[in-house]
Amino acid sequence: QVQLVESGGGLVQPGGSLRLSCVVSGISFGGYPMAWYRQAPGKQRELVAMITSIGTRNYPDSVKGRFTISRDNVKNMVYLQMNSLQPEDTAVYYCNIFWRGVDYWGQGTQVTVSS
């Protein structure tokens, strides 16, 4: 059974930083891309970072230069370092893996950027 569990969300002031973590159990995810998505109220879920099995990273322009995705294939963990956070980054953040034809998601962690 594949499970993803996110942590690290919270309330932060504009300009602040947060580091999200996601632990994956049930599989050895070293050979698969991992991703972080977010969904703000009333908006569609959007990709914010992706990392391949060999460490190639991709980001949309909205977070490029501020967010950094990383992975630890020994610990089955994926991280999202978020710097210079802005109110528009407020959303629920989800960890994702596409494994054997199925999308798996965590329960999400809330990030709120507000003064």
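The values are calculated or read from the model by the stated rules, or taken from the named source; none is laboratory data. As the structure is a prediction and not an experimental result, all values here were calculated from the model. Reconstructed Cβ throughout: ideal geometry from the backbone, glycine too, with neighbour counts over all protein chains shown.
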Original post:
Hey, among Val63, Val78, Val113, which residue is among the β-branched types (Val, Ile, Thr) and closer than 27 Å to Val2 by Cα?
Top reply: Val78
Original post:
Which one of these is touching an Asp or Glu at 6+ places or on another chain (Cβ under 8 Å) and not aromatic (Phe, Trp, Tyr): Gly108, Gly8?
Top reply: Gly108
Original post:
Considering only region 98-115, how many residues are over 16 Å from Ser17 (Cβ atoms), in contact (Cβ under 8 Å) with a residue 12 or more places away in the chain and not in a strand (DSSP E or B)?
Top reply: 3
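Can you work out which of the residues in region 25-62 that are aromatic (Phe, Trp, Tyr) and in contact (Cβ under 8 Å) with a residue 40 or more places away in the chain is surrounded by the most Cβ atoms within 10 Å (Cβ to Cβ)?
Here the answer is Trp36.
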Original post:
Counting only residues that are at pLDDT below 95 and of a type in the set (Phe, Trp, Tyr), which one in region 63-103 is surrounded by the fewest Cβ atoms within 10 Å (Cβ to Cβ)?
Top reply: Phe98
Subject >> Selection count where residues are touching a Lys or Arg at 6+ places or on another chain (Cβ under 8 Å) and farther than 30 Å from Ser114 by Cβ, scope region 30-55 >> reply: 1
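How many residues are within 14 Å of Tyr104 (Cα to Cα), surrounded by fewer than 20 Cβ atoms within 10 Å (Cβ to Cβ) and either in contact with a Ser or Thr (Cβ under 6 Å, 6 or more places away or on another chain) or at pLDDT 95 or above (or both) if we restrict to region 1-24? Let's see the steps before the verdict.
We begin by selecting, within region 1-24, every residue within 14 Å of Tyr104 (Cα to Cα); these are 1-6, 22-24.
Now narrow it down to the ones that are surrounded by fewer than 20 Cβ atoms within 10 Å (Cβ to Cβ): 1-3, 5, 23.
Subset that is either in contact with a Ser or Thr (Cβ under 6 Å, 6 or more places away or on another chain) or at pLDDT 95 or above (or both): 3, 5, 23.
Summing the residues that are within 14 Å of Tyr104 (Cα to Cα), surrounded by fewer than 20 Cβ atoms within 10 Å (Cβ to Cβ) and either in contact with a Ser or Thr (Cβ under 6 Å, 6 or more places away or on another chain) or at pLDDT 95 or above (or both) in region 1-24 gives 3.
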